[in-house]
Amino acid sequence: MDTYLAWLKREMSPLFEAGGTWWRPYHMALVQASAMPEPVEIGAREAQEALKRSGTLFLRYFTRTFADPTEFWYVACDEYKFDKLPKKIRYYIRRGYKSCIVQRVHPGWLAANGYECYVAALERYNKACRMTRGDFEKNVMDSVGGPFDFWAVLHEGKLATYSKCVVGDDYTSALVLKCHPAYLCFYPVYALIDTMLKTYVVDEHKRVTFGFRSIVHDTHIQEFLGKFGFHKVYCDLKVVYRPSMRAFVNFFMPFKSVLERLPDTRLMSSFRSLLAQEEIRRSFLQRRGGTPSCS
C-alpha cells in the first residue's frame with residue numbers, strides 16, 4: 001500500500017474499499033484516498049454500498065483522461081528546466097531568492113507561526129470558511145509523523161508563503177499553498193515553486209501534481225503554475241449520489257443561476273459547489289449525447 005494511504009488508514013479517518021480503490025470521507029463526499037490522481041472504475045451497486053457504509057452523500061471520481069480540453073482537469077509537472085523558462089519568470093524567481101529564504105519546516109513550527117498567513121490568504125474568500133486558530137494548529141499537528149514535507153518562505157523573518165506536500169515513492173502532491181498578499185511583491189511563490197520542482201522533479205525524478213480544478217473559486221493558481229511547466233491533464237468527472245441527494249440536486253439545478261446571486265455564507269458556498277460540480281458532470285454526458293440527469 002502507498003505510504004500515504006497506509007498513514008491515512010493508521011492515523012486519520014477510516015478508509016473504505018470499493019471497486020478495488022480506497023476512498024476517504026471529505027466534506028460529506030467520498031473521494032479517492034490516494035494523493036496521486038488515478039482513473040477508477042466502480043459499479044453503481046458498489047458505489048451505493050460504499051456511500052451507505054461511510055455515511056456520505058455522494059462519491060466523486062474520474063475514469064479516463066483526454067487529449068482535448070474538457071471541463072475538468074488536474075495539473076502535473078513531469079519535467080523542469082529552469083533555463084527553458086520564460087525570461088520574465090526566471091527574473092521573478094531570482095528576485096524571490098534575493099528577498100526571501102525558502103526552507104523545510106517542522107509542522108510544529110508552522111502550527112505556531114502560520115495562522116496569520118493562513119487568514120490573510122483567505123481574505124478574498126468567504127470568511128465563514130476559515131478555521132479557528134485552534135483548529136488550524138490541530139490540522140497542522142495531525143500531520144506529524146506522516147509522509148509530508150512542509151515548506152516555508154520567509155521575508156525578513158516573517159512568513160510570506162507556505163505549502164504542505166504529500167511525498168510518495170514516485171510522486172509528490174501539493175495539498176496546500178497559502179500566500180500572504182502583503183508579501184507578493186517580493187515573489188515568494190516563485191522561489192517556492194522553483195525550490196519544490198528542483199527538489200522533487202529534478203533531484204528525485206518524481207511527478208508533481210497540484211490538485212484538481214477548483215469547483216467554485218477561480219484562484220488562477222493553475223494558470224500560474226503553467227509558467228513553470230505544469231500542464232493540465234484533462235479528465236472526466238463522475239459523481240454517484242445517494243437517491244435522496246440525487247433528487248435534491250435535480251430539483252435545484254434549474255435554479256442554479258438564481259442561487260448564485262444570493263448572499264455568500266458557508267452553507268450557500270457548499271450549495272453552489274454542489275451544483276457547479278453537477279454542471280461539470282453533465283458536460284460529459286452532453287459530449288456523448290447523453291441525458292443530463294444525476295447518476
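The values are calculated or read from the model by the stated rules, or taken from the named source; none is laboratory data. Values in this document were obtained by computation on a predicted structure and should not be read as measured data. A quick note on method: Cβ atoms are made from the backbone with ideal geometry, for glycine too, and the neighbour counts reach across all protein chains shown.
Quick look at the values:
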quantity: So residue 70, is it touching a Pro at 6+ places or on another chain (Cβ under 9 Å), closer than 30 Å to residue 246 by Cα and in a loop (DSSP other than H, G, I, E, B); calculated: no
quantity: Residues satisfying the stated conditions in segment 45-93, i.e. under 24 Å from residue 184 (Cα atoms) and aliphatic (A, V, I, L, M); calculated: 75, 76, 85, 89, 93
quantity: Where residue 46 falls short, out of the listed (1) of a type in the set (D, E, K, R); (2) buried (at least 18 other Cβ atoms within 10 Å of the Cβ); (3) touching a strand residue (DSSP E or B) at 6+ places or on another chain (Cβ under 6 Å); calculated: (2)
quantity: Among residues of segment 101-121, those that are part of a helix (DSSP H, G or I), surrounded by fewer than 20 Cβ atoms within 10 Å (Cβ to Cβ) and among the aliphatic types (A, V, I, L, M), counted; calculated: 4
quantity: Residue pairs meeting the criteria (Cβ under 6 Å; at least 6 apart or on separate chains; first assigned by TED's automatic domain parsing to the domain that holds residue 279 and of a type in the set (D, E, K, R), in segment 240-254; second surrounded by 15 or more Cβ atoms within 10 Å (Cβ to Cβ) and in a helix (DSSP H, G or I)); calculated: 242/51
quantity: Answer residue from segment 196-215, given it is buried (at least 18 other Cβ atoms within 10 Å of the Cβ) and farther than 18 Å from residue 226 by Cβ and is farthest from the chain's Cα centre (by Cα) among those; calculated: 199
quantity: Residue in segment 146-164 that is in a helix (DSSP H, G or I), over 20 Å from residue 207 (Cβ atoms) and under 17 Å from the mean Cα position of the chain (by Cα) present; calculated: no
quantity: Breaking point among (1) part of a helix (DSSP H, G or I); (2) without any contact (Cβ under 8 Å) to a residue 40 or more places away in the chain, for residue 89; calculated: (2)
quantity: Any pair with Cβ under 9 angstrom, 6 or more apart, that starts in segment 1-19 at a residue that is of a type in the set (Asp, Glu) and ends at one that is assigned to a helix (DSSP H, G or I); calculated: 17/50
quantity: Subset of segment 22-45 (residues that are charged (D, E, K, R) and outside any loop (DSSP other than H, G, I, E, B)); calculated: 24, 45
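Listed here are the residues, each with its yes/no results for (1) modelled with pLDDT under 85; (2) part of a helix (DSSP H, G or I); (3) farther than 19 Å from residue 31 by Cα.
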| site | (1), (2), (3) |
| --- | --- |
| 239 | no, no, no |
| 247 | no, yes, yes |
| 250 | no, yes, yes |
| 253 | no, yes, yes |
| 273 | no, yes, no |
| 277 | no, yes, no |
| 280 | no, yes, no |
| 283 | no, yes, yes |
| 290 | yes, no, yes |
